[in-house]
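One structure below.
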Amino acid sequence: MGGSLSEMTMPVATGNRTANILVVDDDASVRRLLSFNLSQMGYQVSTVDSGEEALARIADQAPDLILLDVMLPGIDGLETLRRLRAAHPDLPVVVLAANNNVETAVEAMKLTANDFVTKPLDSERLQVAVRNGLEFGSLSREIAQLRRELSGRYSFTEIVGADAGLRETLHMLEKVLPTDLTVLLSGESGTGKELFARAIHYGGPRKASPFVTVNCAALPQALLESELFGFESGAFSGAGKTRTGKFEQASGGTLFLDEIGEVGLAAQAKLLRALQEKSVTRVGGSEAIAVDVRIICATNKDLAKMVEQGIFREDLYYRLSVFPIAVPPLRQRAEDIPALVKQIIRESRPERSVSVHPIAMSMLEAYRWPGNVRELQNAVRRALVLSGGETIRPEHLPTTVQNGGQSEPLRAMGASNNDNHAPMVTLDEMERQHILRALELCHGNLSLVARSLDIGRTTLYRKLQRYGVQPREIA
């Protein structure tokens, strides 16, 4: 048997303030009792006696929780709840119902009320319902805030690049945002295909629903089916309890199948069936479970060639490549590297301004980046550590970047490559060699050389004179 309402303690705070509870009941004695005791607990309480007044009050200032009587004059509790859910889907509502009206309370639960409490009111039951409702509301706000942050972080505006090929890719992806078309992203490893996939999800109509990722290359083929479709308890050794698969987890949202080219033929057939029928059957189960997902796939392989070789199903290929997009490699967008480097530094060291020496930046631009953006991120983050958060200089970069992709470090002029004790090249000599390289790449055009090195022509002339370099030396 519960205690008196006045025995309730410990209010739930919302952020840095006390939660505000709205009591909606046409019985004045119930309003007074709830208002007094909830106020004693420390909650802020307001009361109204009708559904119409509750809706008007919420339109001006939404409370943190509503205690809603199901039997109201005018708009009854169920209709009030329907209208509340349409306008405020995440606002927690606890229904109040007399013992002889539990069926109506159950109907309210079907309309997504958070809980119900019967009259006469039991203090412990009410306290649990209010506390759980407020915690649900707090969690809903945190999730909504996280989704807003993710939406901003993974929006197309956060994808850095002025390269014409990248701009065209973004333009095509923006076209597919409001649709439910299946997108196939192709490109080398490290080009940021998952970033594009998330941008599509968080920029589209499913952004409030889950984004679920499956790395098909990281899963043994024997486990891929149970990972995608789930399994029933006892389906195989170790299946102690039923588990939902990624399709079910992503229902209503987006399922991102990364490295789809790694899926074997047996799993391809079952994946095709799931896509065609929009349903899955768990391993060890017999019931078809309807799922509503948008599919985005990514691959670093040539799926069309794999179809010709008979190792990828043609029907699945056409099902997945409804809207194919090629993501360009970093070596084709060298002009974007300075902006990408600045973004990586900003994300890694937001509290400090870190500069990049012009020669170091030129080395970053000249390197071919076989690992693409991921390799660039690793190189810059490593350089940040070695530089102590100050200016990133050439010697802070990986040796392969310093040497334009050569695995051996630059030695002093005339030193043997087999001499592990040969002295490293001096910074002055490195700068001289870099200027020579820039002159070669720019075919002796001094204005272009100065721009590429991010220095003035006067500075360039002074360095050429210092190192005894004549532009005519360059063919």
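The values are calculated or read from the model by the stated rules, or taken from the named source; none is laboratory data. Owing to the predicted nature of the structure, the values given are computational and were not obtained by experimental measurement. Cβ coordinates were reconstructed from backbone atoms using ideal geometry, including for glycine residues, and neighbour counts include every protein chain displayed. These accessible areas exclude ligands, DNA and RNA; they are computed on the full protein's heavy atoms, side chains included. Shrake-Rupley method; radii C 1.70, N 1.55, O 1.52, S 1.80 Å.
If packing is taken as the mean number of other Cβ atoms within 10 Å per residue, what is the order of 279-286, 214-221, highest first?
Final packing ranking: 279-286, 214-221.
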Accessible area in the full protein assembly, largest first, 1.4 Å probe, for 138, 362: 138, 362
On average, how much accessible surface per residue is there in the stretch 192-338, in Å², for a 1.4 Å probe, leaving out ligands, DNA and RNA? 46 Å²
The percentage of the accessible area of the stretch 220-311 (probe 1.4 Å, all protein chains present) made up of carbon and sulfur atoms, to the nearest whole number, is 47 percent
Whole-Å distance, taken between Cα centres, linking the stretch 248-264 and the stretch 55-102: 39 Å
Using a Cα-Cα cut-off of under 14 Å, which aspartates and glutamates could be cross-linked to residue 110, ignoring same-chain neighbours fewer than 8 residues away? 79
Sequence-distant aspartates and glutamates (8 or more away, or on other chains) whose Cα lies within less than 18 Å of residue 119: 7, 25, 26, 27, 49, 69, 76, 103, 107
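Which of the peptides 299-305, 289-295 is most tightly packed, and how do the rest follow, judged by the mean count of other Cβ atoms within 10 Å per residue? Mind dumping the intermediate values first?
Numbers: 299-305: 16.4, 289-295: 18.7.
Most protected by this proxy first, the peptides run 289-295, 299-305.
I need the fraction of alpha carbon pairs in the stretch 256-323 separated by more than 17 Å, rounded to a whole percent.
When every Cα pair of the stretch 256-323 is considered, 42 percent fall beyond 17 Å.
Take the alpha carbon gyration tensor of the stretch 206-299, find the square roots of its eigenvalues, order them as a ≥ b ≥ c, and report rounded if a/c is under 1.5; if not, report prolate when a/b exceeds b/c, else oblate.
The shape class here is oblate.
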Show me 172-178, 225-231, 44-50 ranked by packing, highest mean number of other Cβ atoms within 10 Å first. 225-231, 44-50, 172-178
